[in-house]
Amino acid sequence: MIDLEWYGYVIIIVVFILLFWMYIGLYVAMEIVTPSVKTLNQTEVEEASRDESLLLYLRENLTNQYQIKSIYGYMLQVYEMVKDPENNKFVVIAHGYTYSHHGAIKYGKMMMDLGYNVILYDHRFHGLSGGKNTTLGYYEKDDLKTVIDHVYQTYGDVFLGTYGESMGSATVLLEQQNDPRVRFVVSDAGFKDLSSLIRYRLKVKGLFPLLVFPMTKLFIYFISKAKFNQVSPIEALKNQTIPMMFVHGEQDDFIGYQDSIDMFESYQGPKHLYIAKKEAYHARSYYANKEEYFNELSQFLSQYELI
C-alpha cells in the first residue's frame with residue numbers, strides 16, 4: 001500500500017512536469033508564429049517618430065497598390081513605387097517581423113535614388129495581407145516568389161533584385177536559392193539560422209533551450225506545418241554566385257551582428273559588408289547613419305555594375 005501511494009505521487013509529479021513542459025512549448029510556439037503584430041497605424045506612427053519624411057516620400061511616390069493571391073490562398077497587399085515603367089530595374093523589398101511595409105520605405109527611398117523602381121508588400125499575417133500565422137521565412141519565401149512572378153508578368157523581362165530586413169532578410173535569402181531571376185540581394189539585420197536564434201532567445205529569457213526548444217518546434221509544426229530547421233539563410237548561400245550585401249547594426253541586441261559577419265564570410269560569391277556603428281539597434285542602422293549607409297549601398301551596386 002505504501003509503495004502504491006509512492007508510485008502514485010511519482011506519476012502525478014511526472015504528469016505535472018510533462019504538462020508544464022508542453023504548456024511552455026505551446027506558449028513559446030504561439031508567441032513565435034502568432035505574435036502581437038503592429039497595425040498599420042502603429043507602424044506609421046513609429047516611422048513618423050523616427051523620420052517623418054519617409055511617410056511623405058511614400059505618399060508622393062506611391063503609384064499603385066493592390067492585392068495578389070498567394071499560392072496558399074490568402075491575399076498579399078502590394079505597394080508600387082514605379083515612377084518609370086520603361087526603366088527595367090526593379091527591387092522587391094521585404095519588411096521585418098511584426099511590422100509592415102512602412103519599415104521598408106527607407107530602403108525603397110535609397111534604391112529609388114539609385115535608379116530603381118520599388119515594390120513593397122506586407123508579409124502574410126502582417127499589415128493588410130492575409131494568413132493565419134507567420135513562419136519567419138518558411139512560407140514567406142514562396143509569397144515573395146509570388147510577388148516577383150507578378151512583377152515579371154506586369155513589366156516583362158526586368159532586372160530585379162531583392163532587399164530584406166530581419167525576417168525579410170531570411171525571406172530574400174531563402175527565396176533566391178531557387179530563383180535564378182534574382183540578380184542581387186541586400187540583407188539588413190538578418191539571422192543566419194532560425195533554430196539557433198530561437199535557442200538563443202530562449203536562453204536570454206531564462207528558459208532552458210535543450211528542454212523547451214524540441215517541444216516548441218513540435219508545436220510550431222502542429223500549428224503552421226512549418227519546418228523551422230529548414231529556415232537557415234546561411235545554408236541558402238551555398239553554391240550561389242549573385243552579388244550580395246550584408247548590413248547589420250553594431251548595437252543590435254536581438255540578432256547579433258555576428259550573424260551577418262558569419263554569412264558574409266561563408267558566402268563565396270561577390271559580396272559587400274557594412275556594419276553600422278552609430279545608434280544601430282535592431283533594424284535601425286539607417287536612421288542615424290543615412291549618408292554612410294547610402295554610400296555603402298551605392299558602392300556595392302556600382303562595384304558589381306548593378307546601376
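Rolling a 1.4 Å probe across all protein chains gives residue 150 an accessible area of roughly 50 Å². Bridgeable lysines around residue 290 (alpha carbons under 29 Å apart, same-chain partners fewer than 8 residues away excluded): 38, 83, 89, 106, 109, 141, 192, 271, 277, 278.
Heavy-atom accessible surface of region 21-147, averaged per residue, reaches 40 Å², computed with a 1.4 Å probe. Using the Cβ-Cβ distance between residue 10 and residue 266 with R0 set to 45 Å, the FRET efficiency works out to roughly 0.40. Any chance you could check the Cα centroid distance between region 146-166 and region 26-67 for me, in angstrom? Computed from Cα coordinates, the inter-centre distance equals 21 Å. Which label marks the calculated value of Rg and Dmax of the Cα atoms in Å, given the options (1) 23.3, 76; (2) 19.6, 63; (3) 21.1, 87? The listed entry that was calculated here is (3). Calculated over region 123-188, the projected area of the Cα convex hull averaged across directions stands at 4.4 nm². Taken along the Cα-to-beta-carbon direction at a fixed 7 Å, the label points for residue 113 and residue 75 span 3.5 nm. In order along region 165-172, the phi-based Karplus estimate (6.51 cos²θ - 1.76 cosθ + 1.60, θ = phi - 60°) of 3J(HN,Hα) comes to 10, 6, 4, x, 4, 4, 4, 6 Hz; Gly and Pro are listed as x. Rg over Rh for region 69-125 works out to 1.01, using Cα positions for both radii and the Kirkwood form for Rh. Here the chain is assigned +1 on the Cβ of each Lys and Arg and -1 on the Cβ of each Asp and Glu. Its dipole about the Cα centre then comes out at about 540 debye.
Gain on full extension, evaluated as 0.36 nm per residue between residue 60 and residue 42 minus their Cα-Cα distance, stands at 4.4 nm. Just the Cα atoms of region 1-152, one point each, no solvent: what log10 I(q)/I(0) does Debye give at q = 0.15, 0.18 Å⁻¹? Ignoring solvent entirely, the Cα scatterers give -0.80, -1.05.
Given Cβ point charges of +1 (Lys, Arg) and -1 (Asp, Glu) and nothing else, what value in debye, to the nearest 20, does the dipole of region 54-205 about its Cα centre take? Provide the component values of the computation, followed by the final result.
Working: 17 positive and 16 negative charges, 138 e Å.
In total the dipole reaches around 660 debye.
Surface calculation, 1.4 Å probe, protein heavy atoms: residue 12 sits at approximately 110 Å² accessible. For region 148-273, the spherically averaged projection of the C-alpha convex hull amounts to 8.8 nm².
Estimated purely from DSSP H runs of n ≥ 4, each contributing -39500 (n - 2.57), the mean residue ellipticity at 222 nm for the chain is -15000 deg cm²/dmol once divided by its residues.
The residue among 21, 39, 49 whose Cα reaches farthest toward the positive pole of the charge dipole of region 13-60, with charges on the beta-carbon of Lys, Arg, Asp and Glu, is 21.
Rounded to the nearest 20 Debye, what is the dipole magnitude of region 66-151 about its Cα centre when Lys and Arg each give +1 and Asp and Glu each give -1 at the C-beta?
Roughly 180 debye for region 66-151.
For helix 194-204, what angle does its Cα long axis make with the longest principal axis of the chain, in degrees from 0 to 90 and rounded to 10? Helix 194-204 sits roughly 60 degrees off the main axis of the chain.
When region 77-163 is described by a simple charge dipole with +1 on each Lys and Arg Cβ and -1 on each Asp and Glu Cβ, the residue from 125, 93, 161 located farthest towards its positive end is 125.
With a 1.4 Å probe rolled over the protein heavy atoms of all chains, the accessible area of 56, 210, 19, 297 falls in the order 210, 19, 56, 297, largest first.
Here the spin labels are modelled as points 7 Å beyond Cα on the Cα-Cβ line, and at residue 17 and residue 49 they lie 4.4 nm apart.
At 1.4 Å probe size, with the rest of the protein present, what percent of the exposed accessible area of the chain is carbon and sulfur atoms?
For the chain, the apolar C and S fraction of the accessible surface comes to 57 percent.
A probe of 1.4 angstrom, applied to the heavy atoms of all protein chains, finds residue 242 with accessible area near 30 square angstrom.
The values are calculated or read from the model by the stated rules, or taken from the named source; none is laboratory data. Because the structure is a prediction, the values reported are computed rather than measured. No Cβ is skipped: glycine too gets one built from the backbone with ideal geometry, and neighbour counts run over all protein chains shown. To get the accessible areas, we keep the full protein, side chains included, count just its heavy atoms, and leave off ligands, DNA and RNA. Shrake-Rupley method; radii C 1.70, N 1.55, O 1.52, S 1.80 Å.
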